[in-house]
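Single-structure report; data block below.
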Amino acid sequence: MKNLVVFTGAGISAESGLQTFRDADGLWMGYNVYEVATPEGWKTNRNLVQDFYNQRRREVKKAQPNKAHKIIAQLQKDYHVQVITQNIDDLHERAGSENVIHLHGEIFKMKSDKDESLIYPVLDDIAVDAKAPDGGYLRPYVVWFGEAVPEMETAIAVLPDADIFVVVGTSLQVYPAAGILNYLSPGIPGFLIDKNPPDMQNSKGFKIIAKPATEGMEELLKHL
Ligand code: OAD
């Protein structure tokens, strides 16, 4: 079976009712990214950070995978599919995708802010003073700006073997995540599905499908 690698961002979950970050109605229009998504923000105002991610968790719980997530899962019948997502939601998994790398963490996990190898499942709100057994505060299992992206190594390892590469719903503005495109074998078929596609992909020779993720994924099926 051919290896199909799908790289997703917030845009794939938009039609499930989850806000993106940089669109006009995106999360970073309503929140200061430095306050809620950096280690400094955590030190300064744990309350605000915890509240922000508690809200995200509640919203993800309510959301359902959409047609785009489902088509990606269905492609597993014909391809070896590896999903690399920047999303912290679990909609790929709930749609049935078996191989998902979360570059930026997972909303249904938390970790100690002292020993980050102490990871716990979390379904509900985290109390602002909740502590891990090592005495550290429990913080979201999310990669913040200024922090390392440990799953990059795993993602980079699968890219040279990709036979087909599909990008769905990401502005490609956040590094190192967006840099994974540089690890693809030259000349493999590439597709970019986005309601409002970022410019730079034209230079990679990707086929641009300028549509919402659900429609765009249906169209992709005609090209595969
Ligand atoms: P962005 O908000 O930067 O980009 C969302 C992309 O989705 C844009 O290109 C939109 O045009 C597109 N889009 C919006 N609605 C869509 C729809 N219905 N169908 C298809 N595309 C749609 O989100 P990301 O690129 O995922 O990181 O952001 C990357 C990272 O920045 C996130 O993982 C997050 C954020 O800060 C952390 O918090 C660490």
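The numbers here are math on the coordinates, done by the rules we state, and not lab data. All values reported here derive from a predicted model rather than from experimental measurement. Using ideal geometry, Cβ is built from the backbone for each residue, glycine included, and neighbour counts are taken over all protein chains shown.
Treating the angle as unsigned and between 0 and 90°, give the value, to the nearest 10°, between the Cα long axis of helix 46-62 and the longest Cα principal axis of the chain.
Between helix and principal axis, roughly 50 degrees.
With n ≥ 4 as the cut-off for DSSP H runs, can you work out [θ] at 222 nm for the chain, using -39500 (n - 2.57) per run divided by the number of residues, rounded to the nearest 500? The partial results should precede the final answer.
Numbers: 8 runs with 62 residues, N = 224.
Using -39500 (n - 2.57) per qualifying helix, the result is -7500 deg cm²/dmol.
If a/c stays under 1.5 just call it rounded; otherwise compare a/b with b/c (prolate if a/b is bigger, oblate if not). Do that for segment 179-224, with a ≥ b ≥ c from the square roots of the Cα gyration tensor eigenvalues.
oblate
When only alpha-carbon atoms are used, what values of Rg and Dmax, in angstrom, describe segment 1-154?
15.9, 50
Treating cross-link reach as a plain straight distance, find the lysines whose alpha-carbon is under 29 Å from the alpha-carbon of Lys222, omitting any fewer than eight places away in the same chain.
Those lysines meeting the cut-off are Lys2, Lys67, Lys70, Lys77, Lys195, Lys204, Lys207, Lys211.
If you average the alpha carbon positions of segment 66-97 and of segment 122-177, how far apart do those two centres end up, in angstrom?
About 17 Å separates the Cα centre of segment 66-97 from the one of segment 122-177.
Evaluate the relative contact order of segment 169-211 (contact order divided by residue number), counting alpha-carbon pairs under 8 angstrom at least 6 apart; express in whole percent.
Values: 37 pairs, mean separation 16.8, N = 43.
Answer for segment 169-211 is 39 percent.
Could you give me D for segment 68-221, from Stokes-Einstein at 10 °C and 1.306 mPa s, where the hydrodynamic radius is the Kirkwood radius over C-alpha pairs? Units µm² s⁻¹, please.
Working: Rh = 17.0 Å.
Value of D from the Cα-based Kirkwood radius: 93 µm²/s.
Can you bin segment 104-155 into rounded, prolate or oblate? Criterion: square roots of the alpha carbon gyration tensor eigenvalues sorted a ≥ b ≥ c, rounded for a/c under 1.5, prolate for a/b above b/c, oblate for the rest.
Since a/c reaches 1.5 and a/b is larger than b/c, the shape of segment 104-155 is classed as prolate.
Antiparallel DSSP bridges in segment 61-201: what percent, to the nearest 5?
55 percent
Run the numbers on segment 73-121 and let me know its relative contact order in percent, using alpha-carbon pairs under 8 Å that are six or more apart.
31 percent
Which of the peptides 138-145, 3-10 is most tightly packed, and how do the rest follow, going by the mean number of other Cβ atoms within 10 Å of each residue?
Highest-to-lowest ranking by the protection proxy: 3-10, 138-145.
Below 8 Å between Cα atoms, with a sequence gap of 6+, how large is the relative contact order for the chain in percent? The partial results should precede the final answer.
Details: 418 pairs, mean separation 52.0, N = 224.
The normalised contact order for the chain reaches 23 percent.
How much space per residue, in cubic angstrom, does the convex hull of the C-alpha atoms of segment 1-77 take up?
Given the Cα convex hull of segment 1-77, per-residue volume reads 112 Å³.
Using the crude model of +1 on Lys and Arg Cβ and -1 on Asp and Glu Cβ, and no other charge, please compute the dipole size for segment 34-130 relative to its Cα centre, in debye to 20.
340 debye
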